[in-house]
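These notes concern the structure reproduced below.
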Amino acid sequence: MQKSKLQCPTASGFTLVEAVVAVGVIAIGVAGALISLAQSSAQATNLRNRAVAAQLVAEGLEIVRNIRDTNWLAGRGWREGLADTVAGLIDYNDAALAENADDASWCLNYSAGFYTHFASPPYDCNTAFKRHLEITTATDDFSPQLIPPASPPVEYLVIKSVVEWPERDQTKNITIVDELYDWK
C-alpha cells in the first residue's frame with residue numbers, strides 16, 4: 001500500500017501580521033502628512049494676519065500725516081484736528097481725529113476692499129483687528145550748547161499706532177511710533 005504525503009502548498013501573499021504592520025505604517029504616514037498640513041495652514045493664517053496688521057498700523061500713521069498735509073494745503077495750522085489724546089483715536093476724516101476711549105469701537109470692519117471703524121454703537125465688526133492711535137506733544141531744544149541767540153524749542157507730535165488681533169488664545173499686536181514735525 002502506498003502512503004500519501006500531505007504537502008502544504010507554497011504560501012503566496014500576505015499574512016495577517018504583515019497586513020496589520022503595512023496598514024499601521026500607512027496610517028502613521030497619513031497622520032504625519034495631515035498634522036503637517038494643519039500646521040502649514042495655521043502658519044499661513046498667522047502670516048496673513050501679520051501682513052494685514054502691518055499695513056493697518058502703517059495706515060494709522062498715514063492718517064495723521066494726511067491730516068497734517070491737508071491742513072498745510074488749506075492754509076490752516078499744521079496741528080489743527082490733531083489734539084493730544086488720553087485714549088485711543090479712531091474716528092477720522094480728512095480734517096480731524098476724534099477721541100474714543102471705548103476699545104470696542106477700535107475694531108475694524110472690512111467692506112468693499114477697505115477697513116473702516118464704526119463711529120457709534122453697535123460695533124458689528126467682521127474682522128478680528130482693532131486699531132487705535134495715540135498722539136502726544138513733545139518739544140526738543142536742538143541747540144542746547146549754543147550761546148544766544150539759541151533757537152526756540154521745536155514742537156512735534158509723537159504718534160503711536162497700534163493694531164491688535166487674537167491668535168491662539170493670545171492677543172498679538174504690532175506697534176509703530178513715529179514723530180511728526182511742522183517742516184513747512
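Packing-based ranking of 15-21, 76-82 yields 76-82, 15-21, ordered from highest to lowest mean Cβ neighbour count within 10 Å.
Heavy-atom surface analysis with a 1.4 Å probe gives the stretch 28-139 a carbon and sulfur content of 58 percent of its accessible area.
Local charge for residue 49 was computed over the other residues whose Cβ lies under 12 Å away, with Lys and Arg +1 and Asp and Glu -1, and equals +2.
Once the 1.4 Å probe is applied to the protein heavy atoms, the stretch 28-71 comes out at 57 Å² accessible per residue.
Computed with a 1.4 Å probe over protein heavy atoms only, the accessible area of residue 154 comes to about 50 Å². For residue 117, the solvent-accessible surface with a 1.4 Å probe is about 30 Å², rounded to the nearest 10. Residue ranking by accessible heavy-atom surface, 1.4 Å probe, largest first, among 129, 114 comes out as 114, 129. Only protein heavy atoms count here; under a 1.4 Å probe, residue 41 has an accessible surface of about 70 Å².
The values are calculated or read from the model by the stated rules, or taken from the named source; none is laboratory data. This one's a predicted model, so the numbers in the text were calculated from it and none came from an experiment. Because the Cβ atoms are built from the backbone with ideal geometry, glycine has one as well, and the counts that use them run over all protein chains shown. These area figures cover heavy atoms from the full protein model, side chains too; ligands, DNA and RNA do not enter into them. Shrake-Rupley method; radii C 1.70, N 1.55, O 1.52, S 1.80 Å.
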